[in-house]
Amino acid sequence: MLQFSKYEGLGNDFLILDGRSEPNPDHAFALTPAAVEKLCDRRFGVGGDGVILALPPRQGGELRMRIFNADGSEAEMCGNGIRCLARFLADRDGDGPGRCWEVDTAAGRIRPELQPDGQVRVDMGPPFLEPAAVPTHLPVGPAGLPQGELDVLGESWSVAAAGMGNPHVVVPVADVAALDLERIGATLEVHPVFPARTNVHLVEVLSPNHLSMRVWERGAGPTLACGTGACAAVVAGIARGLLAPAVPIEVQARGGRLRISWSGQAADHVMMTGPAEPVFDGVMQL
Ligand code: ZDP
């Protein structure tokens, strides 16, 4: 029997498994891609956009986080997920506001901190702007990050790419509601310029500190929000001069709002603040 806790951040929902005292972290919970798919299936399983493992540290942090997408593939990092992990740890260990965790991830050290209002503020680290680090075959463009024109479904789109440990393509559009996210998302996710596939974000800039976005996630399809994607959208918007640097940017997603700031300097860290809520605890026979 597998004990899990379900949490959500802007409707981006995760099944969290606590393996911090696991004697054999690499084989924790014997989670195969098929088991992850079953867990995430909204009819045959519990239902979720992904599975998050809390594990013993490996690189000097307090703990390690692994994240698996609903299709069973492993991702390097997750923004809504790490806020959910922080709330889970606080609920489980009885921590309060001001508690900060040093979390080892495949994208490096990430630091979520519990806020007095129950939200979580995360030091997401610096963005990855070198093509090989995203990864993408798009060359660095005039805005200092990978850019290019991509033909998608017979239309040419001017896109930018950025990494937050995981890959993102950001597509500025006039009206996010007017587009066929399913077809554009599914096509761009597997576009050959993204050798590790990519998350896809349609972004409408509403003002220098406000944007609206729709998300098609690598390994999960359409989701209500993506934290690392919102960070990538803000980085691309600031780099292209569409958004203001060094002020909080309101990011409106289908599932709710995030506040993200970045100075515009490549080495500076992206800060993300947003909600994370428990949904239920349960056990499941795998
Ligand atoms: O990079 C990927 O494959 C993503 N689908 C991972 C999950 C990202 C997440 N939605 C986020 O909020 O960053 C959890």
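The values are calculated or read from the model by the stated rules, or taken from the named source; none is laboratory data. Remember, predicted model here, so these are calculated numbers, not experimental data. With ideal geometry, Cβ positions are generated from the backbone for all residues, glycine too; neighbour counts draw on all protein chains shown. The accessibility values were calculated without ligands, DNA or RNA, using every heavy atom of the protein model including side chains. Shrake-Rupley method; radii C 1.70, N 1.55, O 1.52, S 1.80 Å.
Enter the accessible area per residue of the chain (Å², integer; probe 1.4 Å; all protein chains in place). I get 40 Å² per residue for the chain.
Note on region 1-77: along the principal axes its Cα atoms extend 38, 27, 20 Å, ordered by decreasing extent. Rounded to the nearest angstrom and listed largest first, the equivalent-ellipsoid semi-axes of region 1-153 from its Cα gyration tensor are 28, 21, 16. When the charge dipole of region 154-286 is built from unit charges on Cβ atoms (+1 for Lys and Arg, -1 for Asp and Glu) and taken about the Cα centre, the candidate among Val270, Gly154, Leu206 whose Cα reaches farthest toward its positive end is Val270.
One Cα centroid belongs to region 1-39, the other to region 157-182; the line between them spans 29 Å. Close amide H pairs (under 5 Å, H built 1.01 Å from N) link Leu286 with Leu2, residues at least 5 positions away or on another chain.
Our coupling estimate for region 198-206, obtained by passing each phi through the Karplus curve with A = 6.51, B = -1.76, C = 1.60 and θ = phi - 60°, is 7, 7, 10, 10, 8, 10, 10, 7, 8 Hz, Gly and Pro reported as x. Only alpha carbons enter this Debye calculation for region 96-139, each as an equal point scatterer, and the log10 of I(q)/I(0) it gives at q = 0.27, 0.31, 0.33 Å⁻¹ is -0.91, -1.04, -1.09.
Using only the alpha carbon atoms of the chain, find the Kirkwood hydrodynamic radius as the inverse mean reciprocal pair distance, in angstroms to one decimal. Kindly include the intermediate steps, with their values, before the conclusion.
Details: mean 1/r = 0.0533 Å⁻¹.
Evaluated on the chain, it is 18.8 Å.
Among rounded, prolate and oblate, which fits region 166-286 when a ≥ b ≥ c are the square roots of the eigenvalues of its C-alpha gyration tensor, a/c under 1.5 means rounded, and a/b larger than b/c means prolate?
On the way: a/c = 1.61, a/b = 1.23, b/c = 1.32.
In terms of gyration-tensor shape, oblate.
Evaluated with a Cβ-only charge set (Lys, Arg +1; Asp, Glu -1), the chain carries a dipole of roughly 200 debye about its Cα centre, given to the nearest 20. In the chain, the DSSP-assigned H stretches of four residues or longer account for a calculated mean residue ellipticity at 222 nm of -5000 deg cm²/dmol, using -39500 (n - 2.57) per stretch and the full residue count as denominator.
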